[in-house]
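For reference, the structure is listed below as structure tokens.
The values are calculated or read from the model by the stated rules, or taken from the named source; none is laboratory data. Bear in mind the structure is a predicted one, so any value in this text is a computation, not a measurement. Backbone-built Cβ (ideal geometry, glycine too); neighbour counts: all protein chains shown.
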């Protein structure tokens, strides 16, 4: 019996970030075994472009006005449609790999075992495979690795666990996360009628057909590095990012739930930056108290990403 070849996987990302962050992201995923990185620079970045262009496993594209004109459209105002358009367009290219995933520059795939091996054991009937997120604790600086929190796996117990861990603000954060709990999706290449969205994939209008889970792969989401970083992104996220007005609340409306946009707006109006800092310190900050609570619930994760080492290995001229 001839063993099936190990599948190749790659990622696509639309990025606007400092050069070092982009190269950390790229180096990490090259080290994780990605066969190809399709990186769309959402704004010109002359500092990082030549390093990406020179790497044989990276395809880089600057998304300037000329780029969008070549594709017959004006540049979409919001970043979400720019991401999905670039991801879906990449998927329709001649396949250079067996699986493709769309992730963001602050998300890092992590697994103790090769990701390709885990994709390789999926049956041919599996068309997409989901990876679940863990969210970083802000200002995590321990030498052994960065601290992350996982989402309680049982929906029936999730609310009670979250409110034990975050007694003042848990009712406002879904799963204890400030960002998404859905994760991202690998999709098998070579299929017709595929459209890639931020957290899901559609084939002929069917959402996530024949989906499997990849429980050994984490999507390490560095949502906030520290208080200053969180505050610097706060306005954008409130207006059109992960705290935007149209998103659903963590708790149902009929149970008094409000979404993060409403909650943050009210908190800031009543308490100003002091209120936002109080929220951040309970929900986001890497403190011994929060670590102990997460550990007691089985939700603390330590991941040694070694981002700077991987940057130096794959981009030594930077």
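If only residues of the range 197-242 that are touching a helix residue (DSSP H, G or I) at 6+ places or on another chain (Cβ under 8 Å) and assigned to a helix (DSSP H, G or I) are counted, the one that is farthest from residue 280 (Cα to Cα) is 240. Note on the range 27-61: among residues that are more than 21 Å from the chain's Cα centre (by Cα) and either at pLDDT below 95 or not in a loop (DSSP other than H, G, I, E, B) (or both), the one that is farthest from residue 318 (Cα to Cα) is 44. Hey, could you check the range 72-82 for residues that are in a loop (DSSP other than H, G, I, E, B) and surrounded by 13 or more Cβ atoms within 10 Å (Cβ to Cβ) and say which is farthest from the chain's Cα centre (by Cα)? The extreme case among them is 75.
As a summary of the residue check, residue 67 satisfies the conditions (1) touching a residue at least 12 places away in the same chain (Cβ under 8 Å); (2) touching a strand residue (DSSP E or B) at 6+ places or on another chain (Cβ under 8 Å) except for the one numbered (1).
Any idea which residue in the range 241-250 is modelled with the lowest pLDDT, counting only those that are closer than 15 Å to residue 266 by Cβ and buried (at least 16 other Cβ atoms within 10 Å of the Cβ)?
Initially, the range 241-250 is screened for residues closer than 15 Å to residue 266 by Cβ, giving 243, 245, 249-250.
If we keep only those that are buried (at least 16 other Cβ atoms within 10 Å of the Cβ) as well, we get 243, 249-250.
Details: 243: 89, 249: 83, 250: 76.
Residue satisfying both the conditions and the ranking: 250.
Against the condition under 16 Å from the mean Cα position of the chain (by Cα), within 16 Å of residue 135 (Cα to Cα) and at pLDDT 95 or above, how does residue 219 come out, does it pass? Spell out the reasoning first.
Details: under 16 Å from the mean Cα position of the chain (by Cα): yes; within 16 Å of residue 135 (Cα to Cα): yes; at pLDDT 95 or above: yes.
Criteria met by residue 219.
Here is a yes/no grid of residues against (1) more than 26 Å from residue 245 (Cα to Cα); (2) in contact with a helix residue (DSSP H, G or I) (Cβ under 8 Å, 6 or more places away or on another chain):
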| residue | (1), (2) |
| --- | --- |
| 71 | yes, yes |
| 75 | no, yes |
| 81 | no, no |
| 89 | yes, no |
| 95 | yes, no |
| 100 | yes, yes |
| 112 | yes, no |
| 117 | yes, no |
| 129 | yes, yes |
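Can you report the number of residues in the range 83-101 which are crowded, with 17+ Cβ neighbours inside 10 Å and assigned to a helix (DSSP H, G or I)? Here the count works out to 8. Here residue 159 meets the list (1) under 18 Å from the mean Cα position of the chain (by Cα); (2) in contact (Cβ under 8 Å) with a residue 40 or more places away in the chain; (3) part of a helix (DSSP H, G or I) almost entirely, failing just condition (1).
Residues in the range 59-71 that are closer than 22 Å to residue 96 by Cβ and surrounded by fewer than 20 Cβ atoms within 10 Å (Cβ to Cβ): 59, 61, 62, 67, 70, 71. Take the conditions (1) over 25 Å from residue 150 (Cβ atoms); (2) surrounded by 16 or more Cβ atoms within 10 Å (Cβ to Cβ); (3) in contact with a strand residue (DSSP E or B) (Cβ under 9 Å, 6 or more places away or on another chain); residue 238 misses just one of them, which is (3).
Looking across the range 31-50, the residues that are in contact (Cβ under 8 Å) with a residue 40 or more places away in the chain, touching a helix residue (DSSP H, G or I) at 6+ places or on another chain (Cβ under 8 Å) and surrounded by fewer than 21 Cβ atoms within 10 Å (Cβ to Cβ) come down to 31, 32, 33, 42. Here is the figure for the range 169-189: residues that are modelled with pLDDT of 95 or more and part of a loop (DSSP other than H, G, I, E, B) total 2.
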